[in-house]
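Notes for the one structure printed next.
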Amino acid sequence: MEAKGVKLKETVILCIDIGGTMVRVGALDQQGTLLSVSETRFESRSGPEAGFKAITQLSKAILDECGRKRLLGIGLGVTGPVDHLRGTINNPFTLPTWDNVPIVDWFAKWSGTPVVLENDADMAALGEYWLGAGQNIQRLYVVTVGTGIGTAFILKGEIYRGINGAHPEGGHQIIDPEGPDCYCGAKGCWESLASGSAITSQAQSMLVESPSSILMSLSGGKINTVDARMVTDAARQGDQLAVEVVQRAAHYLSLGLINTLMMFAPDMVVLTGGVIKSLDLFLPTIIQAVQLHNVMVPTTQIIITPASLGYYAGLYGCAYAVLRQANT
Ligand SMILES: [Zn+2]
């Protein structure tokens, strides 16, 4: 995909992925080649103005490094609630202090180019649709399982949007009404039971009662440093506590996936995010659940596959969103 009437070798698209703790900035060409990329820790609590300053400094460095002269546009993929139509971030949940921030106006004034804002799960899904595992898939559902759970539905190449352009939040579907409190105000949301954070908190609380777990030695006895990766590592070594935590998360992960298959009957579900690096540990439970529910919807025909772009899927999606806007 190329923007019309623009010399390819001069142009660059600035792609910015703003998460709760990290910001990633990449310069991509129109074919989707990553020309330069960098990331930095991100303190949203310092406030939106300070955050914007830090991101534009990093962006300038990336643009200088890639050596391209003409900036075609900027794609912003941002965690949590964003208003795609108004160009604002409304996310005091995972970006504390970032409420009603006119980020598109800020970047448009800074760059003098068009700016596209989408939820980060939508950007990752667009990336997978453009160049990744979901190419040319008509009904593509993408689930990102990391610190939280983000979902996106790409329907015939377009981001599915809800009322007033709202991004549907599959990660906050209720899986267990008696489950743990979620920051959104509900109990037992999918991400409070099956995300990396859920795995971490479950393991930490169980570890107090099971000091013989190898997680104790892996964490040097510091229970509060146990994270999801340590848990999956310990599960691979057969640690009983870790296996139990992983099986519990796999159970909840499969429940949310089955809900998704039942409601949308997509052609493909692409799984991505940090937790999915250990997909092999979760897959037997998922496959079992899919086979069990192959009744009202032909769930076994739905392809469930890991993402192919990995870490930078969101950046590719940002570039694709800018190119599509330039061609409309
Ligand atoms: Zn929630």
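Observations on the model:
- Answer from Val246, Val226 - the residue that is out of contact with any Asp or Glu (no Cβ under 7 Å at 6 or more places or on another chain), touching a residue at least 40 places away in the same chain (Cβ under 8 Å) and away from the ligand (no atom under 12 Å from the Cβ): Val246
- The condition (being buried (at least 19 other Cβ atoms within 10 Å of the Cβ), of a type in the set (A, V, I, L, M, F, W, C), in contact with a Phe, Trp or Tyr (Cβ under 9 Å, 6 or more places away or on another chain) and at pLDDT 95 or above) is satisfied by just one residue among Val37, Val25, Val78: Val78.
- Some residue of the stretch 255-274 being buried (at least 16 other Cβ atoms within 10 Å of the Cβ), part of a helix (DSSP H, G or I), more than 22 Å from the chain's Cα centre (by Cα) and not hydroxyl-bearing (Ser, Thr, Tyr): no
- Hits in the stretch 175-202 - residues which are at negative phi, crowded, with 17+ Cβ neighbours inside 10 Å, within 9 Å of the ligand (Cβ to nearest atom) and more than 17 Å from the chain's Cα centre (by Cα): Cys182
- Close contacts from the stretch 184-202, counting a first residue that is under 22 Å from Ala235 (Cα atoms) and a second that is within 8 Å of the ligand (Cβ to nearest atom) and at pLDDT 95 or above, with Cβ to Cβ under 6 Å and a gap of 6+ residues or different chains, come to Trp190/Gly171; Glu191/Gly171; Ser192/Cys182; Ala198/Ser192.
The values are calculated or read from the model by the stated rules, or taken from the named source; none is laboratory data. These numbers were taken from a predicted model, which means no experiment stands behind them. Every residue, glycine as well, gets a Cβ built from its backbone with ideal geometry; the counts of neighbours run over all protein chains shown.
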